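J.: Sending over a structure as structure tokens; questions will come in a sec.
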Amino acid sequence: MSLLTDFTNLQTYNPPFQLIQTSILTGPTGATGPTGATGVAGPAGASSSLTGSSFWCQIYMHRLSSGSSGGTLVADTWTPRAINATGGGNLDGISTLLLNNQIIFIPGNYYTEITSVVSDCNNSKLRLYDTSRLSTLVNGLTHYTNLPDCSPMLRAYGAFSLTGIAFTEVQVIVDEASPPANALGRPGLFTNAEHEIFTLVKIFRQS
């Protein structure tokens, strides 16, 4: 075989694929990096039996037509205040109910703010009273005034928990009432007044 023939054969030589494959060397594998740190899990959120709205509130009131008196009372006796209207909210019929001047609560945790007026009285006090258990749920401040024709604004704020249904009344007591006809609130006698409001009850349900 001539040199030219050998060179031609060398150019046309195709080695098997396996030979090409095994002749390629794989480079060294690098070290694996360390696993990143795992963050601390956040605290679990608070649970609640209420769903939907994140703000649960209800307003009840004693509302009369313009020019009406709030009513009468007997001194030194706890007198139920009339509650006859709703002022908006999302608890009525769900967690609370207004019935015959009473506010009915289902079990739960509540915060309540009560504001009411009396007229021509000296010492006066307000409370939210559980008539089903004969116990006070919210006890208001004692208000004292010795001025004639004075109409102090009474307040009772407080939180309470209920494990059963409660029938409650807003009650007021005074040590003197003269004249008794307007003791539970004098009419405003404004021109074009809308309504007379003598008691406001704000209820917030916490859980």
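J.: For region 123-136, which positions are under 17 Å from residue 109 (Cβ atoms), open to solvent by 40 Å² or more (accessible area, probe 1.4 Å) and touching a residue at least 12 places away in the same chain (Cβ under 8 Å)?
T.: Residue satisfying the conditions is 133 alone.
J.: Among the numbered criteria (1) within 24 Å of residue 196 (Cβ to Cβ); (2) part of a loop (DSSP other than H, G, I, E, B), which one does residue 54 miss?
T.: (1)
J.: Next question, about the same structure. Would you be able to tell me the number of residues in region 160-207 that are assigned to a loop (DSSP other than H, G, I, E, B), open to solvent by 60 Å² or more (accessible area, probe 1.4 Å) and either modelled with pLDDT of 95 or more or among the aromatic types (Phe, Trp, Tyr) (or both)?
T.: Number satisfying all stated conditions: 3.
J.: For region 123-159, enumerate the residues that are in a loop (DSSP other than H, G, I, E, B), modelled with pLDDT under 90 and not polar (S, T, N, Q).
T.: 144, 147, 148, 149, 150, 152
J.: Among the residues of region 73-80, is any in contact (Cβ under 8 Å) with a residue 60 or more places away in the chain, surrounded by 14 or more Cβ atoms within 10 Å (Cβ to Cβ) and in a strand (DSSP E or B)? Even if it seems obvious, please write down each step before you answer.
T.: Step one: list which residues in region 73-80 are in contact (Cβ under 8 Å) with a residue 60 or more places away in the chain, which gives 73-80.
Now narrow it down to the ones that are surrounded by 14 or more Cβ atoms within 10 Å (Cβ to Cβ): 73, 75, 78-80.
Subsequent filtering for residues that are in a strand (DSSP E or B) retains 79-80.
Yes; the residues of region 73-80 include at least one that is in contact (Cβ under 8 Å) with a residue 60 or more places away in the chain, surrounded by 14 or more Cβ atoms within 10 Å (Cβ to Cβ) and in a strand (DSSP E or B).
J.: Taking residue 22 and the conditions (1) open to solvent by less than 100 Å² (accessible area, probe 1.4 Å); (2) at pLDDT below 60, which numbered condition does it fall short on, given that it satisfies the others?
T.: Answer for residue 22: the failing condition is (1).
J.: Give region 83-122 a look and list any residue that's outside any strand (DSSP E or B), small (Gly, Ala, Ser) and open to solvent by 30 Å² or more (accessible area, probe 1.4 Å), or say none.
T.: Scanning region 83-122 gives a single hit, 93.
J.: Please state which one of 77, 72, 96 is out of contact with any Ser or Thr (no Cβ under 8 Å at 6 or more places or on another chain), more than 22 Å from residue 153 (Cβ to Cβ) and not hydrophobic (A, V, I, L, M, F, W, C).
T.: 96
J.: For residue 120, which of the numbered conditions (1) at negative phi; (2) in contact with a strand residue (DSSP E or B) (Cβ under 7 Å, 6 or more places away or on another chain); (3) in contact (Cβ under 8 Å) with a residue 40 or more places away in the chain fails to hold?
T.: Answer for residue 120: the failing condition is (1).
The values are calculated or read from the model by the stated rules, or taken from the named source; none is laboratory data. Source: prediction; values computed, not measured. Here Cβ is always computed from backbone atoms with ideal geometry, including for glycine, and neighbour counts include all displayed protein chains. Protein only, heavy atoms only, side chains kept; ligands, DNA and RNA dropped before computing areas. Shrake-Rupley method; radii C 1.70, N 1.55, O 1.52, S 1.80 Å.
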